[in-house]
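The values are calculated or read from the model by the stated rules, or taken from the named source; none is laboratory data. The model shown is predicted, which means the values in this text are computed figures rather than measured ones. No Cβ is skipped: glycine too gets one built from the backbone with ideal geometry, and neighbour counts run over all protein chains shown.
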Amino acid sequence: MKSINVVGALILRDDRVLIAQRPAGKSQALKWEFPGGKIEPGESPELSLAREISEELGLEIAVGRHFQAVLHRYPDGPLIHLDCYLAWIVSGLPKPLQCHDWRWARAQELGEFDFSAADVPVVARLQREGLPTVVE
């Protein structure tokens with residue numbers, strides 16, 4: 001059974017979280033997600049997340065505490081181990097470098113977006129509890 005370890009960032013600003021739309025032509029094309037990606041061999045989750053956000057959105061971020069772990073198997077696909085961390089922007093403005101689009105969204109607006117299945121439990125928690133106020 002193949003499994004993939006991935007990380008996602010809950011990049012918080014004021015009362016919003018940054019979400020990204022997956023590129024066309026990739027798996028889960030045009031679905032929304034918390035930006036991030038695969039952990040490369042030898043990388044810590046935090047280092048991987050900082051690298052992925054730089055590549056995807058052109059942002060330098062600081063990674064805070066672990067927020068939620070999700071296990072999800074896509075039909076006929078690998079088991080996804082998703083670890084989401086709280087984060088905030090140190091420098092830069094978001095640019096869709098390796099994503100189709102991005103948005104700042106309030107917790108109550110997240111249900112308006114078609115999220116990839118692995119991100120749905122995180123969306124549900126944010127809608128239930130609201131966005132965290134302390135990210136460190």
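Brief remarks follow.
- Near pairs, Cβ below 8 angstrom, 6+ apart or cross-chain, from the stretch 27-52 (modelled with pLDDT of 95 or more) to any residue that is hydroxyl-bearing (Ser, Thr, Tyr) and part of a strand (DSSP E or B): 45/85; 46/85; 49/85
- Any hit, the stretch 39-55, residues being charged (D, E, K, R) and assigned to a strand (DSSP E or B): no
- When restricted to residues that are among the acidic types (Asp, Glu) and touching a Gly at 6+ places or on another chain (Cβ under 6 Å), the stretch 52-94 contains 2.
- Of all positions in the stretch 18-31, none carries a residue that is farther than 17 Å from residue 95 by Cβ and surrounded by 23 or more Cβ atoms within 10 Å (Cβ to Cβ).
- Filter result for residue 14 (closer than 23 Å to residue 112 by Cβ and loosely packed, with under 13 Cβ neighbours inside 10 Å): yes
- Filter result for residue 46 (touching a strand residue (DSSP E or B) at 6+ places or on another chain (Cβ under 6 Å), acidic (Asp, Glu) and closer than 14 Å to residue 12 by Cα): no
- Residues of the stretch 1-38 classified as in a loop (DSSP other than H, G, I, E, B) and of a type outside the set (D, E, K, R), total: 10
- Number of residues in the stretch 47-82 that are surrounded by fewer than 18 Cβ atoms within 10 Å (Cβ to Cβ) and acidic (Asp, Glu) equals 3.
Okay, residues lined up against (1) under 23 Å from residue 132 (Cβ atoms); (2) over 15 Å from the mean Cα position of the chain (by Cα); (3) not in a strand (DSSP E or B):
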{"residue": "61", "(1), (2), (3)": "yes, no, no"}
{"residue": "66", "(1), (2), (3)": "yes, no, no"}
{"residue": "69", "(1), (2), (3)": "yes, no, no"}
{"residue": "81", "(1), (2), (3)": "yes, no, no"}
{"residue": "86", "(1), (2), (3)": "yes, no, no"}
{"residue": "90", "(1), (2), (3)": "yes, yes, no"}
{"residue": "96", "(1), (2), (3)": "no, no, yes"}
{"residue": "102", "(1), (2), (3)": "yes, no, no"}
{"residue": "110", "(1), (2), (3)": "yes, no, yes"}
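- Residues in the stretch 112-136 that are assigned to a helix (DSSP H, G or I) and free of Cβ contacts under 8 Å to residues at least 40 places away in the same chain: 112, 120, 123, 124, 127, 128, 129.
- On inspection, residue 94 qualifies as of a type outside the set (Gly, Ala, Ser) and at pLDDT 95 or above.
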